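Worksheet: the structure to be examined is printed underneath.
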Amino acid sequence: MRPFLSLNSFVTLRDVGLRDGLQSIQTILPTEKKCDWIDAAYAAGVRHMEVGSFVPAHLMPQLADTASVVAHAKRYADLHITVLVPNLKGAERAIEAGADALLLPISASAAHSAANVKKTPDQMLEILATIDSARKSAGSSITIDVGISTAFGCTIQGDVPESEVVRIAKAAVDAGADEIGLADTVGYADPAQVKRLFTKVQAAIGARCRTAHFHDTRGLALANTVAALDVGIRYFDASLGGIGGCPHAPGASGNVSTEDVVYLLVRMGFETGIDLDRLLVLRKQVSQWLVNEQFNGYIWRAGAAKSSAFLHQ
């Protein structure tokens, strides 16, 4: 038995396809299809979803209906709803909509931060502090998550010092963040680096270091998932069909696919609460809605192995 299995056998997956996936493609999926997606994912056992982003509609028309999508998702009392916000106005809209969590991206790469949000990492930390103040003033229970983008490297800047990732994580917690995630935005990470960096951030902020977000640009996302499991991470982002990516990662193949991660975890003896067969049915449906977009992953081609790991789910 692997050592990490003795720590906690349940792993939570947050499907980010409705935000991170859709924002990176050309097709604008109708609101009703997004609601159908939520319904089917919930029926498959997904209980954490990132369903949109509160950004100006002219900048990201794919996500202009986020308030309506959140309203639909709130029909499910036990569905944890996350939305991405880039600034205070977005956070105020997330609070008004009743999302459970808002995700603020702060890049560890100054170059990526300038390209992505036109601000420095420290300016984003200042925005985080104002969001925390607004949350308190509103009496809101919304959770503030910070995703540290390009934590493992950047296609613009190149190497990102691990000390800078640790610094931002500590500063984010001091500014009001409840949870911190490390994101391999451009698919540079390797398993040794994943173990090393998560361990450093855990030493700095403890259990607030919660989430791993891997892209499969260079085929290492599943290996990196295992590395994060080894150091105690039990909350992962993934995208149905592996859709999405980063506009500042040339040739990026997108996020790690949710169905591949579910398969990996169950084969290793973890519980996810997700029915893989139902998830694969949903993947096929979404691929028919997004016929001109790129999908990735492996399990949809071969199917799940007919082993005890799945027969007794």
**Study point:** Sequence-distant residues sharing a close amide H with residue 143 (under 5 Å, placed H)
**Key:** 101, 102
**Study point:** Reference-scaled alpha-carbon Rg (2.2 N^0.38 Å with N residues) for region 102-243
**Key:** 1.00
Exercise for review: Could you quote the convex hull projected area for the chain, Cα atoms only and averaged over all directions, in nm²?
Suggested key: 14.6
Point to revise | Entries of 119/170; 136/200; 89/119 with Cα pairs more than 26 Å apart | key: 136/200
Review point. Where a Cα-Cα gap under 17 Å defines reach, which aspartates and glutamates qualify for residue 33, not counting those fewer than 8 residues away within the same chain?
Key: 15, 20, 50, 65, 293
Review point. Magnitude of the Cβ-charge dipole of the chain, K/R +1 and D/E -1, about the Cα centre, nearest 20 debye?
Key: 240
Study note, to complete from the structure: One finds the C-alpha centres of region 27-62 and region 207-239 to be spaced, in Å, by 22
Review point. What order do you get for 269-278, 160-169, 19-28 when each peptide is scored by the mean count of other beta carbon atoms within 10 Å, highest first?
Key: 19-28, 160-169, 269-278
Exercise for review: Using R₀ = 30 Å, calculate the FRET efficiency as 1/(1 + (r/R₀)^6) where r is the Cβ-Cβ separation of residue 74 and residue 33; round to 0.05.
Suggested key: 0.95
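Taken together, the values in this text are just the output of simple stated rules run on the coordinates, not laboratory data. Values in this document were obtained by computation on a predicted structure and should not be read as measured data. Neighbour counts run over all protein chains shown; Cβ positions are idealised from the backbone, glycine included.
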